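Okay, structure first, notes after.
Readers should treat all values here as calculations from the given coordinates under stated rules, not as data from a laboratory. Quick caveat, the model's predicted, so the values are computed rather than measured. Note that we place each Cβ from the backbone using ideal geometry, even for glycine, and neighbour counts take in every protein chain shown.
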């Protein structure tokens, strides 16, 4: 509903697939010296020297993971890359390459596909990542984007979900809940638009929340910040499904418990305000929302001094020795059991 | 139509996605010492030491690339892996890992997804490949399988599409056209079945062609055979779109011409016989068919003696110095221009 309707509309059948691939990939540059061979052969060739290689895949399906009524195609391309890079950053790695496969129904034009790839290209530029392969194909209905992200890390730098130890501190980057409440704003505007297509919504007061939903940024910066602080986390995960669900993942992998303090959960003031408007508890948005693509990790207590003044991090709790002890201490001092009410129960990466 | 209809039918909603992932991945073993960490974290961790890494992605969409009317789900899983491994073998590399993302509509049951993964697992076992990641998600319609294949090769072993030189010999592995004519048999049987669902077709006389279509094998063996013969091809590609189209790819990448001899194109006797039945020229099936997943490559003439008696290879032509000189010399001695009438114009990997 917020898209420019004046762009030309050329059916894909006008040029054929080889020409389309040329069109959409011609602006992509190779930035990584690890890329020996990019697009154009049976496979790409990479050289990671002495590093370990990190690989992760994610698939986004129209009508399940995104709604083109309010998701501009360029943003969709950008966000699809973020979702994938985030998994590499969650290993304390550096993302370097992506492969993008897209299935599109014939309702999409050449220009609309170019829009998606413009977003992908911007993401590649901003995150210093090379597009090195993929696939374009017809779909019988809708749009599906499948991305594989590749990165690297030195052997002793990789941080897994397992590794958290009792008494470790639990840390989160940035702030939470914005993407979830941003989605509520967009869903409301879509409902208004469906009733009155002439409505001109003023969404400026929700700009942060909407941006968190439509154009999230993966935390490329964190591994460098931690490295500068000489901190290696003991465990790490990215927040795609909501804080609660991610804490449970760390708990299960590390075989430890977690105590989370509600009053420590970082919330942006716009998020708090918008949550109030929607009569949603901000903590609930953070716990069960998801799609914030922040990082959740644990550190040894000895690193507390190094981290306590950093503006990038919030200490939100600590690790206990009982795997069944997964609780939040509420503002009122109640002990509430954390449950996995993930963001999106229709989608799970393995 | 050839599937067992007696397997139980449990809706996916009965167990939820985490349980489903556990069910489908529990039988997979880690076989590669290059796999430091497989499924279960934000990304997998691989270590290729001094090798270069090869990566390729391919997407298969129901109704575009496969028809479940005659494609058993187990075969579909198997073939999806073959299509992807073939791209690694086409670089003269060794395939080692796959990531599999699947989008499924709610008409699929747990058992049907398990069938797909059984095929994937058999492929992993037969080809010594580890499943190290992926995604399962809902789709609004149909089944989509997106696979990323990863492999490796020593730096000086990688063979690209570019590199063919004038006077090189053009070689193909195995035989061609079988997958295409196998598809014609299956399409005919589907039409018969639609008219008379009680028909019990005897397809034994087409067993090779049907197997080429439903359960192709990627040429894992070729890089070892070539290595034993001390041959490094000058260029290589896999035959997914038909011989003609692949020759043109090598020609464009290497900036050379190719002369192909029709009487040298290897055809299995069952393929020739079935082509006659369908009134299709066997050479046309090989040239424009595709999906054979054989390898096409060029070698320096000095290697002729090493290869001439090998049963794995057919010398089918040679390289010329004029990029526009892409011709087939027919059985009648005519010079026919090769055109890219690929197998499947709706799908192009980049």
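Ranked for footprinting exposure by Cβ neighbours inside 10 Å, fewest first, B:76, B:332, A:243, A:68 give B:332, A:68, B:76, A:243. In degrees between 0 and 90, to the nearest 10, how far off the longest principal axis of chain B does helix B:243-254 point, with axes built from Cα atoms? The answer is roughly 70 degrees.
Secondary structure note: in region B:85-166, about 55% of the DSSP beta bridges are antiparallel. Helix A:178-195 and the long axis of chain A differ in direction by around 40°, with both axes built from C-alpha atoms. What separates the Cα centres of region A:286-314 and region A:159-190 is a distance of 10 Å. The gain in end-to-end length when the residue B:126 to residue B:18 segment is fully stretched comes to 36.2 nm, 0.36 nm per residue minus the alpha carbon separation. Residues within the reach of a label modelled at residue B:321 (point 7 angstrom out along Cα to beta-carbon, backbone nitrogen below 19 Å), restricted to region B:154-196, are B:163-170. Calculated FRET efficiency, residue B:277 to residue B:68, Cβ-Cβ distance, R0 = 30 Å: about 0.70 to the nearest 0.05. Each helix, a run of at least 4 DSSP H residues, gives -39500 (n - 2.57); summed and divided by the residues of chain A, these come to -9000 deg cm²/dmol at 222 nm. Among beta bridges identified by DSSP and lying wholly in the protein assembly as shown, the antiparallel ones come to about 80 percent. Label-point spacing at residue A:195 relative to the other copies reads 5.8 nm, in ascending order, each point sitting 7 Å out from Cα along Cα→Cβ.
Across identical copies of the chain, residue B:264 has label-point separations of 7.2 nm, listed in ascending order, with the point defined 7 angstrom from Cα along Cα→Cβ.
Across chain B, the mean sequence separation of Cα contacts (distance under 8 Å, 6 or more residues apart), normalised by length, yields a relative contact order of 21 percent. Please state the relative contact order of region A:12-157 as a whole percent: Cα pairs under 8 Å, 6+ residues apart? 38 percent. Ordered by the number of other Cβ atoms lying within 10 Å of each residue's own Cβ, fewest first, B:146, A:330 fall into the sequence A:330, B:146. Placing pseudo-labels 7 Å out from each Cα toward the beta carbon at residue A:154 and residue B:300 gives an inter-label distance of 4.1 nm. Exposure proxy shown here: for B:96, B:251, B:207, the number of other Cβ atoms within 10 Å sets the order, fewest to most, as B:207, B:251, B:96. Distance between the 7 Å Cα→Cβ label points at residue A:9 and residue B:211: 5.1 nm. Spherically averaged projected area of the convex hull of Cα atoms, region A:12-157: 8.6 nm². PRE reach from residue A:335 (point 7 Å along Cα→Cβ): which of region A:255-298 fall under 14 Å by backbone N? The answer is A:257-261. Using a simple spin-label model with pseudo-atoms 7 Å out from Cα toward Cβ, residue A:252 and residue B:140 lie 3.0 nm apart.
The DSSP beta bridges internal to region B:247-350 are antiparallel in roughly 65% of cases. Placing a label point 7 Å from Cα along the Cα-to-Cβ direction at residue B:22 gives distances to the equivalent points in the other copies of 5.2 nm, listed shortest first.
Helix B:110-127 axis versus longest C-alpha principal axis of chain B: approximately 40°, rounded to the nearest ten.
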